[in-house]
Amino acid sequence: MKTTRLIIVAVGGQGNLLASRILGEASLLSGIPIRMSEIHGMAQRGGVVESALVFGEAESTIISDGEADVLVGFEPSETLRALNKCNSGTTVITNLSPLPPFTVAIGKGVYPDLGLLQELIREKTKRLIAFDATALAKEAGNVMSVNMVLLGALLQTDILPLSADNVKEAIKVRTGKFAESNIRAFELGFSSAKLS
Amino acid sequence: MHKLLTDTPGNKMLLLGSEAIARGAVEAGLAFAATYPGTPSSEISLNFFQISQESDLYFEYSTNEKVALEVAAAAANSGVRSMCIMKHVGLNVAADALMTLAYVGVKGGLVIITADDPFMFSSQNEQDNRYYGKLSGLPVIEPSSVQEAKEMMPYAFDLSEELQEPVLFRTTTRINHSTAIVELGKIRKRVTKGSFKKDPFNYVTVPAVSRKLHVKLLKNIEKASNISDNSIYNFTEGKGDFGIICNGVSYIYVSDAVKDLNLEDKTRILRVGFSHPMPAKLIKTFLKECKKVLVVEEGEPYMEEAVKAFAQEEGLTMPIRGKGEDLFSRLYEFDPAMVRKCIAKFFDAAFPAPKTVDLSGIPELPQRPPNLCAGCSHRATFYAVKKAAEGLETIYPTDIGCYTLGFLPPLGMGDFLICMGSSVGTSCGFSKVTDNKVISFIGDSTFFHSGIPGLVNAVFNNHNFTLVILDNGTTAMTGHQPNPGVDMSNFNLSGYGRIIIEDVVKALGVQHITVIRPYRIKKSIEAIKEALNFKGVSVVIAKEMCTLYSKSLKKPTGKPFYISEKCKNHRNCVNDLACPAFSLKDNRVHIDPVMCSGCSVCAQICPENAILPLKDKK
């Protein structure tokens, strides 16, 4: 089985770890080998959370620079920061709703222009799917479901060896009383990616 | 029922490495566990804490790692299968107990987890704890994957009982924090009651006894060496005359690389999973089949040095390499591409050029360092201390916890840190040899862990500094574990004692003690000023529950604040406090009402009184 490598980057609190966990559970349900790793020591303190998911036969649980097949970013500047994980064949999916880091507020940095950001990613990778996932999460009825919107977009690309139904099943199992709005968010992300 | 107690052997479950380790221990019949929390080991303990609340497993958060190891050593010497869990630097704290426990040994199995942290994702150093195996003479077991971490646990307990020695179980962050599908095994019945058989001439380590015990230890190392040679966790695979010796996560990177480079027919791999004592015979046999050998290991050249010594004993002269400027580094963690590149280089294999994107043209991105939470009381305390100390030449020794983040600008409250508890000890030295005012910071859990001996020293030797104890009622950094000062009714648990820090400080003979509520900024500044003026050791206890913890306990919080039209853009709030609830929009400061915890500290320092409670907004 071909190996597929996925990187998810997010800001602490955006639900990156839950999204990864759901893809893990969906893989278990579909009998797909999966190994993943995460760096989350400072997640609760506003730092960056990065997950690596390796589907298929490879045994490694981390992904080297330039080796991601897909990059999903929950926050636009973090997507751009993780571009070192990509190559010219990588598909990139990003939320376009910024969460500027605190350093911007105290004048210790400038937030990148969103137009330039998309232009750069488009130019350097195979495909960019960019949309306001936060708006869609609100539309789904739960602003915390940005992670589910982006999972929907990810599954639409058909790059992972998983079906949307398996992922929805895992969302139901994993997220209890939020399952309904999460599925709605997933579907909004799925159809939105079709259009971009 | 806790998911790790699921008794369905053969079923598969998605587990975090730390959960797999805990599950392995449950399958091994673990009955007794003690720990001090530390990333990346904390989730192992968290699972035991939960399991202990619904089963007869005994688990405790001990005061520090040394105490935890002593607690577990006694249980194991009463015949109960026990475990002691800590991060790599924790073993330094426990080392005094460890070194002589190796002489005394155990009766029931004792497995000591040392979770190493190459790259220092959340640690102050990246020491390689395999050397503790060598230093103490104890066996070291190292898994390469999440599944193996679970499987090796019953093996480690059996090994401990066979050798009557504790076993060091060494993981790295990428084992603890990786997730994979794990097949469950059978759960062995827990035996929770032990009995201690008196045998002072083997247990009381006076010199005459220890001289005898050291002989026993050396014999044991020899026995362990034979077991290591035949261990199922030290194995070879492949047939070629390119030799690779590897351990831990390096083994999986090697496996992937050998496939990627089409070297499968040419390469012979020796995976070392039982790394102290090293499997000497196995390695010597392996070397004889190889033309050249690469040792792939994160951290120090622990195996490389041993392999070279074995080669010398056999008169073998083939190239054996590992660490070096042109090959592997002793720094940080490895990754698959780096391992692939070094293997290709050493064995002259074709290496497809990496396809990394060209990063030119990407603007400099604003950094996103971790920050104290919105409404964190540490921020208020730091601000108050800074104001109180205005005009003084200061040194701020700090300690390990969330509040270490206070060293970052704009707070800039942290000048020196080496280990748990070092704030207090180093304050003694700094105040003696400099004319600066020394003000140090330590959290409640760290104070209990190793701050108290430093404070005893300060009182006895009559040092001159102010210690600020940041008492937020929990061990926040590692995930809100209890400590001896915590009210355990927060966990709906009874039957615990509780130690009040103020009482401890008083009993130690500190002459100037003040308790402040850090959200009351003016009062806090006045109280701290008084403490700073005191000649001798003064202690300020800043008491306010961790805001994250408080939220998780559903305690009532303040109402959020907003910035009214009165704001004249002085920006003292943003620039002095750096609370993450602030942001700039159209050159004006805004407060995120969802993040704001209503601590009101910014409102108190605003020169225009422009920051008001949102509920009053018209």
**Asked** What residues have an amide H closer than 5 Å to that of B:Glu298, excluding those fewer than 5 places away on the same chain, when H is modeled at 1.01 Å from N in the peptide plane?
**Response** B:Ser250
**Asked** Which whole-number percentage describes the relative contact order of region B:232-346, with Cα contacts under 8 Å and a sequence gap of 6 or more?
**Response** 31
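Taking Cα pairs under 8 Å and at least six residues apart, what relative contact order does region B:561-616 come out at, in percent? Spell out each step's value before the answer.
Numbers: 69 pairs, mean separation 28.9, N = 56.
The normalised contact order for region B:561-616 reaches 52 percent.
Return the FRET efficiency for the residue pair B:Lys212, B:Ser552: r is the Cβ-Cβ distance, R0 is 56 Å, and the value is rounded to the nearest 0.05.
Plugging the Cβ-Cβ distance into 1/(1 + (r/R0)^6) gives 0.60.
I'd like the GluC sites (Glu not before Pro) in region B:317-419 restricted to DSSP loop residues with at most 12 other Cβ atoms within 10 Å, sorted by number. Write out the running numbers ahead of the final one.
On the way: sites: B:Glu325, B:Glu333, B:Glu364, B:Glu390, B:Glu393; in loops: B:Glu325, B:Glu333, B:Glu364, B:Glu390, B:Glu393.
Passing both the DSSP loop test and the Cβ count: B:Glu325, B:Glu364, B:Glu390, B:Glu393.
For the pairs B:Lys266/B:Lys288; B:Lys219/B:Lys281; B:Lys150/B:Lys189; B:Lys66/B:Lys198; B:Lys197/B:Lys219, note any where the Cα-Cα span goes beyond 19 Å.
Details: B:Lys266/B:Lys288 15 Å; B:Lys219/B:Lys281 17 Å; B:Lys150/B:Lys189 17 Å; B:Lys66/B:Lys198 23 Å; B:Lys197/B:Lys219 23 Å.
Those over the limit are B:Lys66/B:Lys198; B:Lys197/B:Lys219.
On the protein heavy atoms, probe 1.4 angstrom, tell me the percent of accessible surface of region B:3-229 carried by carbon and sulfur.
Working: 4440 of 7870 Å².
Of all accessible area on region B:3-229, carbon and sulfur atoms account for 56 percent.
First check a/c for chain A, with a ≥ b ≥ c the square roots of the eigenvalues of its C-alpha gyration tensor; if it is under 1.5, answer rounded, and if not, answer prolate when a/b is larger than b/c or oblate otherwise. Could you put the intermediate results ahead of the total?
Numbers: a/c = 1.44, a/b = 1.19, b/c = 1.21.
Since a/c stays below 1.5, the shape of chain A is classed as rounded.
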**Message:** Need one value: the accessible area of B:Cys579 in square angstrom, 1.4 angstrom probe, rounded to the nearest 10.
**Reply:** 20
**Prompt:** Ordered by residue, what ³J(HN,Hα) values in Hz, to whole numbers, does region B:172-186 give under the Karplus form 6.51 cos²θ - 1.76 cosθ + 1.60, where θ = phi - 60° and Gly and Pro are x?
**Reply:** 10, 3, 6, 8, 4, 10, 9, 10, 7, 7, 10, 8, 6, x, 6
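Determine the gain in length on full extension of the stretch B:Asp487-B:Thr192; use 0.36 nm per residue of separation and subtract their C-alpha separation, reporting nm with one decimal. Intermediate results must be reported in sequence, preceding the final value.
Values: separation 295, 0.36 × 295 = 106.20 nm, distance 2.70 nm.
Between B:Asp487 and B:Thr192, full extension yields an extra 103.5 nm.
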**Prompt:** Say each of A:Lys172 and B:Thr236 gets a label point 7 Å from the Cα, pointing the same way as Cα to Cβ; how far apart are those two points in nm?
**Reply:** 5.3
**Item:** Distance-filtered residues of region B:400-425 - backbone nitrogen under 18 Å, label point 7 angstrom along B:Asn125 Cα→Cβ
**Value:** B:400-401, B:416-425
**Message:** Helix B:207-230 against the longest principal axis of chain B: what's the angle in degrees, Cα atoms only, rounded to the nearest 10?
**Reply:** 60
**Item:** Spin-label pair B:Glu222/B:His570, simplified geometry with 7 Å Cα→Cβ offset, distance in nm
**Value:** 7.9
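Just for the protein assembly as shown, what percent of DSSP beta bridges are antiparallel, to the closest 5?
Details: 38 of 107 bridges.
Around 35 percent antiparallel, to the nearest 5.
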**Request:** Could you list which residues have their amide H under 5 Å from that of B:Ala33, counting only those 5 or more apart in sequence or on another chain, with H placed in the peptide plane?
**Result:** B:Tyr58, B:Phe59, B:Glu60, B:Met83
**Complete:** Looking only at lysines whose Cα falls under 18 Å of B:Lys386's and that sit 8 or more positions away or on another chain, we get B:Lys437, B:Lys522, B:Lys523, B:Lys529, B:Lys543
**Fill in**
Expected vector for region B:558-571, Karplus 3J(HN,Hα) from phi with 6.51, -1.76, 1.60 and θ = phi - 60°, integer Hz, x for Gly and Pro, equals x, 7, x, 10, 9, 9, 7, 5, 5, 4, 10, 6, 5, 6
**Request:** Whenever you get a sec, line up B:Val515, B:Val104, B:Val574 from highest to lowest accessible area (probe 1.4 Å, protein heavy atoms).
**Result:** B:Val515, B:Val104, B:Val574
**Theoretical gain in end-to-end length, B:Leu392 to B:Met1 [0.36 nm per residue, Cα-Cα removed]** = 135.0 nm
**Fill in**
Sorted list, accessible surface of protein heavy atoms, 1.4 Å probe, largest first, for A:Lys177, B:Lys506 is A:Lys177, B:Lys506
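Calculated FRET efficiency, A:Asp132 and B:Lys308, Cβ-Cβ r, R0 35 Å, to nearest 0.05? If you can, show how the numbers build up before the last one.
Working: r = 59 Å, r/R0 = 1.67.
So, using R0 = 35 Å, E works out to roughly 0.05.
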**Per residue accessible area in Å² of the protein assembly as shown, where ligands, DNA and RNA are left out and the probe is 1.4 Å** = 40
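At 1.4 Å probe size, with the rest of the protein present, what percent of the exposed accessible area of chain A is carbon and sulfur atoms? Write down the numbers at each step before the final one.
Working: 3710 of 7090 Å².
Heavy-atom surface of chain A belonging to carbon and sulfur, 1.4 Å probe: 52 percent.
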**Item:** Reduction of at least 30 Å² in accessible surface, 1.4 Å probe, comparing all protein chains with the chain by itself, residues of region B:555-603
**Value:** B:Val574, B:Leu584
**Complete:** Everything considered on the Cα gyration tensor (a ≥ b ≥ c; rounded for a/c under 1.5, else prolate if a/b is larger than b/c, else oblate), region A:1-70 must be described as oblate
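Give me the percent of accessible area attributable to carbon and sulfur for region B:232-346, probe 1.4 angstrom. Spell out each step's value before the answer.
Values: 2270 of 4600 Å².
The nonpolar share, carbon plus sulfur, comes to 49 percent.
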**Complete:** With -39,500 (n - 2.57) per DSSP H segment of 4 or more residues and division by the full residue count of the protein assembly as shown, the 222 nm estimate, nearest 500 deg cm²/dmol, is -11000 deg cm²/dmol
**Asked** How much solvent-accessible surface does B:Thr205 expose, in Å² to the nearest 10, with a 1.4 Å probe and all protein chains in place?
**Response** 60
**Request:** Taking the Cβ of B:Asn464 as the centre, find all other residues whose Cβ is under 12 Å away and add up their charges (Lys, Arg: +1; Asp, Glu: -1).
**Result:** +2
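Restricting the count to DSSP beta bridges whose residues both fall in chain A, what percent are antiparallel, rounded to a multiple of 5?
Values: 14 of 27 bridges.
The answer is about 50 percent antiparallel.
Report the convex hull volume per residue for region B:3-229, counting only C-alpha atoms, in Å³. Before the final figure, lay out each step's value.
Details: hull volume 25.1 nm³, N = 227.
It comes to 111 Å³ per residue, whole-number rounded.
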**Complete:** Residues from region B:10-41 losing no less than 50 square angstrom of accessible surface in the full protein assembly compared with the chain alone, 1.4 angstrom probe, ligands and nucleic acids excluded, are B:Leu14
**Prompt:** Just how much of A:Tyr111 is accessible, in Å², when a 1.4 Å probe is used and the result is rounded to the nearest 10?
**Reply:** 50
**Phi to ³J(HN,Hα) by Karplus 6.51 cos²θ - 1.76 cosθ + 1.60 over region A:103-119, Hz, x for Gly, Pro** = 4, 5, 5, 9, x, 9, x, 10, 6, x, 5, 5, x, 4, 4, 5, 4
**Message:** Can you list residues from other chains, or at least 5 along the same chain, whose modelled amide H is less than 5 Å from the amide H of B:His512?
**Reply:** B:Val539
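Provide A:Leu150, B:Leu359 ordered by accessible surface of protein heavy atoms (probe 1.4 Å), highest first.
Details: A:Leu150 0, B:Leu359 80 Å².
Descending accessible area places them as B:Leu359, A:Leu150.
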**Message:** Tell me whether the protein assembly as shown comes out rounded, prolate or oblate; compute the Cα gyration tensor, take square roots of the eigenvalues as a ≥ b ≥ c, and use a/c under 1.5 as the rounded threshold.
**Reply:** oblate
**Fill in**
Taking N as the number of residues in chain B, the ratio of its alpha carbon radius of gyration to 2.2 N^0.38 Å works out to 1.08
**Asked** What total accessible surface area, summed over both chains, is buried at the interface between chains A and B, computed with a 1.4 Å probe and given in Å² to the nearest 100?
**Response** 4600
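The values are calculated or read from the model by the stated rules, or taken from the named source; none is laboratory data. Computed from a prediction, not measured in an experiment: that's the story for all the values here. Methodologically, a virtual Cβ is constructed for each residue, glycine included, from the backbone with ideal geometry; neighbour enumeration extends over all protein chains shown. Quick note on the areas: whole protein, heavy atoms, side chains included, nothing else; ligands and nucleic acids left out. Shrake-Rupley method; radii C 1.70, N 1.55, O 1.52, S 1.80 Å.
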